[in-house]
Amino acid sequence: MLQITNLSKSFSDTKVLDDISHTVDLGKLVALLGKNGSGKTTFLKCISNIMNIDSGNINYNGSDFLFLNDKANIFSDLTILNNLKCILRSYNQNLNINIYNQYLHLLGLKDLENLPLKYFSRGNLQRNKLFIALNLSWDYLLVDEPFTNLDDNAQAVFKDIFIDLKSKNKTIIFSTHNFNYISDICDESIKIKEGGILLC
């Protein structure tokens, strides 16, 4: 269980997150909504502990989490496999070749397997970002705008993968500007407005 208690974050004199408290159980798909600049990315960075907070507490109660921002953290001169190996080493995790091959095909990346990532389109970089997450072990996935730059087919594949992960008791908290498309699979949506959150 993720417990967020009295979370606040400011930049200079601007309070972006104001005394937010919320709980998210395992096995949930949670959409994070709000206007540009409302604090969605800041919220994700704060609860992933990569951004200092002014006050409050974030407790995963022993669960593992992974944060993926809107710009995939990749080694652009490497191929999909070699890039993944570097990331796995940084998390002290090992490659599972069966999972690797399964999602390489499912995400439509097989034909790009030997191409350096710097030549990928934005859509294919987005596919590779989810591919990285699927090859890592986590309980909570925090991801910024996973559906951006995807065609209709890729969006449908992502939705199916999210539903499958939920069935495995994984939780995904993700920001989106495309809520109408994925509202049917979400357990809840959280809107950040004026520093606070509203359950939609």
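The values are calculated or read from the model by the stated rules, or taken from the named source; none is laboratory data. Fair warning: this is a prediction, and the values are worked out from it, not measured in the lab. Note that each Cβ is placed from the backbone with ideal geometry, even for glycine, and that neighbours are counted across all protein chains shown.
Details
- Residue match in segment 66-75 (condition: surrounded by fewer than 15 Cβ atoms within 10 Å (Cβ to Cβ), in contact (Cβ under 8 Å) with a residue 40 or more places away in the chain and not basic (Lys, Arg)): no
- Qualifying residue in segment 23-30 (condition: surrounded by 17 or more Cβ atoms within 10 Å (Cβ to Cβ) and assigned to a helix (DSSP H, G or I)): no
- Flag if Asn98 is exposed (fewer than 13 other Cβ atoms within 10 Å of the Cβ), at pLDDT 95 or above and in a loop (DSSP other than H, G, I, E, B): no
- Residue-level check: of (1) over 26 Å from Met1 (Cβ atoms); (2) touching a residue at least 12 places away in the same chain (Cβ under 8 Å); (3) surrounded by 13 or more Cβ atoms within 10 Å (Cβ to Cβ), Phe120 misses just (2).
- Condition met for Gly56 (surrounded by 13 or more Cβ atoms within 10 Å (Cβ to Cβ), closer than 24 Å to Ala156 by Cα and among the small types (Gly, Ala, Ser)): no
- Any hit, segment 118-130, residues being hydrophobic (A, V, I, L, M, F, W, C) and over 16 Å from Asp151 (Cα atoms): no
- Selected residue (only one of Asn169, Asn178 is more than 22 Å from Met1 (Cβ to Cβ) and among the polar types (S, T, N, Q)): Asn178
- Residues that are without any contact (Cβ under 8 Å) to a residue 24 or more places away in the chain and in contact with a helix residue (DSSP H, G or I) (Cβ under 7 Å, 6 or more places away or on another chain) were ranked within segment 76-117; the one that is farthest from Phe162 (Cα to Cα) is Asn94.
- Tally, over segment 131-171, of residues that are farther than 24 Å from Leu112 by Cβ, surrounded by 20 or more Cβ atoms within 10 Å (Cβ to Cβ) and touching a helix residue (DSSP H, G or I) at 6+ places or on another chain (Cβ under 6 Å): 1
- Which listed residue is touching a Pro at 6+ places or on another chain (Cβ under 8 Å), modelled with pLDDT under 95 and charged (D, E, K, R), from Lys118, Lys129: Lys129
- Residue match in segment 54-66 (condition: at positive phi and part of a loop (DSSP other than H, G, I, E, B)): yes
Yes or no, residue by residue, for (1) of a type in the set (A, V, I, L, M); (2) surrounded by 19 or more Cβ atoms within 10 Å (Cβ to Cβ):
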position: Gly39; (1), (2): no, yes
position: Cys46; (1), (2): no, yes
position: Met51; (1), (2): yes, no
position: Arg89; (1), (2): no, no
position: Asn92; (1), (2): no, no
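- Any hit, segment 13-27, residues being modelled with pLDDT of 95 or more, under 17 Å from the mean Cα position of the chain (by Cα) and of a type in the set (Gly, Ala, Ser): yes
- Candidate set: segment 31-47, residues that are part of a helix (DSSP H, G or I) and charged (D, E, K, R); chosen: the one farthest from Leu141 (Cα to Cα): Lys40
- Any chance Ser8 is in contact with a strand residue (DSSP E or B) (Cβ under 9 Å, 6 or more places away or on another chain), loosely packed, with under 15 Cβ neighbours inside 10 Å, in a strand (DSSP E or B) and hydroxyl-bearing (Ser, Thr, Tyr): no
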